[in-house]
Amino acid sequence: QVQLVQSGGGLVQAGGSLRLSCAASGLKVSKYVMGWFRQSRGKEREFVAVIGWSGGTILYSASAKGRFTVSRDNAKNTVFLQMNSLKPEDTAVYYCACAAGLYVSDYGSAREYDYWGQGTQVTVSS
């Protein structure tokens, strides 16, 4: 049974940092495309970052680039999202996801991902 268990969310002030974790079971994060998405109130789920199975493909949304860093620890079978210089507009529920297919045509599309974490709330106060 594939499961993605998230942790690390919380409440921080603008300019602060948080580190989100996504621990996988039933699959090896080193063998799959792993993405991060977020969804705020009244908005569609949006792409944040992705890391390919080889680690050679790492992409960020325009908002995340320069502030967020996606990484993985294969020994712990866990993917991370380090978020720095947080802004109030970063407030959202953050989800990690796994694309089970051998080929991903659009890393930024939620439809490409087959397994999802439970989500974790990130709230940034001003």
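The values are calculated or read from the model by the stated rules, or taken from the named source; none is laboratory data. Worth saying up front: this structure is predicted, and the values here are computed from it rather than measured. Quick reminder, even Gly has a Cβ in these numbers, built from the backbone with ideal geometry, and neighbours come from all protein chains shown. The accessibility values were calculated without ligands, DNA or RNA, using every heavy atom of the protein model including side chains. Shrake-Rupley method; radii C 1.70, N 1.55, O 1.52, S 1.80 Å.
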Show T69, T78 ordered by accessible area, largest first, where the area counts protein heavy atoms only and the probe is 1.4 Å.
T69, T78
Heavy-atom accessible area per residue of the chain, all protein chains kept, 1.4 Å probe, expressed in Å², is 54
Using alpha-carbon pairs under 8 Å, 6+ residues apart, how would you state the relative contact order of the chain in percent?
35
Proximal lysine pairs, the chain, alpha carbons under 20 Å, eight or more residues apart or interchain:
4
Over region 50-104, what relative contact order in percent results from Cα pairs under 8 Å that are six or more residues apart?
21
Using the Cα centre of the chain as origin and beta-carbon charges of +1 (Lys, Arg) and -1 (Asp, Glu), tell me which of S105, T57, C22 is placed farthest towards the positive end of the dipole.
C22
Across G108, G16, G52, the residue with the highest GNM fluctuation in the chain (Cα network, 10 Å cutoff) is G16
Carbon + sulfur, % of accessible area of the chain - ligands and nucleic acids excluded, 1.4 Å:
47
Can you list which of the trypsin sites (Lys or Arg not before Pro) found in region 8-67 are DSSP loop residues with at most 13 other C-beta atoms within 10 Å?
K28, R41, K43, K65
Under the rule rounded for a/c under 1.5, else prolate if a/b exceeds b/c, else oblate, using alpha carbon gyration tensor axes a ≥ b ≥ c, region 4-46 is classed as oblate
Test of understanding: what is the full-extension gain from S105 to T57, defined as 0.36 nm times their sequence separation minus their Cα-Cα distance?
16.0 nm
Do any cysteines of the chain lack a neighbour Cys whose Cβ is under 4.7 Å away, and which are they?
C98
Please report, in debye to the nearest 20, how large the charge dipole of the chain is about its Cα centre when each Lys and Arg carries +1 at its beta carbon and each Asp and Glu carries -1 there.
180
Taking the simple approach of a point 7 Å from Cα along Cα-to-Cβ for both S40 and V2, what is their distance in nm?
3.0
Only loop residues by DSSP count here, and only those with at most 16 other Cβ atoms within 10 Å; note down the GluC sites (Glu not before Pro) in region 27-126 that meet that.
E44
Let me understand region 60-126 better: what is its radius of gyration from the alpha carbons, and its Dmax, in angstrom?
13.3, 42
